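**Student:** Shown below is the structure under consideration.
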Amino acid sequence: EWTFKIIKAIEKDDILVYFQPIVDCKTDKIVKYEALIRLRYKDEIFGPFYFLDTARYSGYLTKLTNIVFEKSCKKFQDKPYKFSVNITDVDLADVKFIDFVEKTRDAYNIDRSRIVFEILEESSISNNLLANENLKKLTDLGYALSIDDFGTQCANFSQLGEHHYES
């Protein structure tokens, strides 16, 4: 059922991106925005809890990430803010992921220093050679990395530390 809903949402451009401002408590100013994925199906909006596991197992997870990334670049192409996009181990293990990121960023003329990739904690990246290579490529290119959902499940934070990445 959810695979069907994902396919229909992609076809109808009903993968939505909401932008949550991240505010500096000392200055009360917005320092960046976090891109949050939602899926619209028959006029109902669903959070990622409902469809991300299905997207992972049906092979649509990186497609959803790419949609969020492209919509984020489009939204912020003429704005000065940094923005963050969640990525997963599946995205990092995709051989085309870095090329997509670079082509999309270039198409919207976004400086790499304005983009933060938040690695989701739901699964391990430590044993995936391509994922680790792509993490290194992202940092070498100048993208910032952070960890989303501290303290849950596989603790990618400690794995990043083992590989000498900065968060």
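The values are calculated or read from the model by the stated rules, or taken from the named source; none is laboratory data. Here the structure is a predicted model, which means the values were calculated and not measured. All Cβ positions, glycine included, derive from the backbone under ideal geometry; neighbour counts span all protein chains shown. All accessible areas refer to the heavy atoms of the entire protein, side chains included, with ligands and DNA or RNA removed. Shrake-Rupley method; radii C 1.70, N 1.55, O 1.52, S 1.80 Å.
**Student:** In this structure, is residue 81 touching a helix residue (DSSP H, G or I) at 6+ places or on another chain (Cβ under 9 Å), closer than 21 Å to residue 104 by Cα and open to solvent by 40 Å² or more (accessible area, probe 1.4 Å)?
**Tutor:** yes
**Student:** Which pairs have Cβ atoms under 6 Å, sit 6 or more apart or on different chains, and link a residue in the range 1-25 that is under 16 Å from residue 65 (Cα atoms) to one that is among the β-branched types (Val, Ile, Thr) and surrounded by fewer than 17 Cβ atoms within 10 Å (Cβ to Cβ)?
**Tutor:** 3/54
Results for (1) on the phi < 0 side of the Ramachandran plot; (2) at pLDDT 95 or above; (3) not charged (D, E, K, R), shown as yes or no for each residue.
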{"residue": "101", "(1), (2), (3)": "yes, yes, yes"}
{"residue": "121", "(1), (2), (3)": "yes, no, no"}
{"residue": "126", "(1), (2), (3)": "yes, no, yes"}
{"residue": "130", "(1), (2), (3)": "yes, no, yes"}
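Each row is one residue, and each column tells you yes or no for (1) open to solvent by 40 Å² or more (accessible area, probe 1.4 Å); (2) of a type in the set (Lys, Arg).
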residue	(1), (2)
17	no, no
21	yes, no
24	yes, no
31	yes, no
35	no, no
38	yes, yes
43	yes, no
59	yes, no
63	yes, yes
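**Student:** Here is a further query. Out of (1) in contact (Cβ under 8 Å) with a residue 40 or more places away in the chain; (2) of a type outside the set (Lys, Arg); (3) in contact with a helix residue (DSSP H, G or I) (Cβ under 6 Å, 6 or more places away or on another chain), the odd one out for residue 104 is which?
**Tutor:** (1)
**Student:** Ok, one more. Do the conditions hold for residue 87, that is, is it open to solvent by less than 40 Å² (accessible area, probe 1.4 Å), touching a helix residue (DSSP H, G or I) at 6+ places or on another chain (Cβ under 7 Å), at pLDDT below 95 and β-branched (Val, Ile, Thr)?
**Tutor:** Taking the combined requirement at face value, the residue satisfies it.
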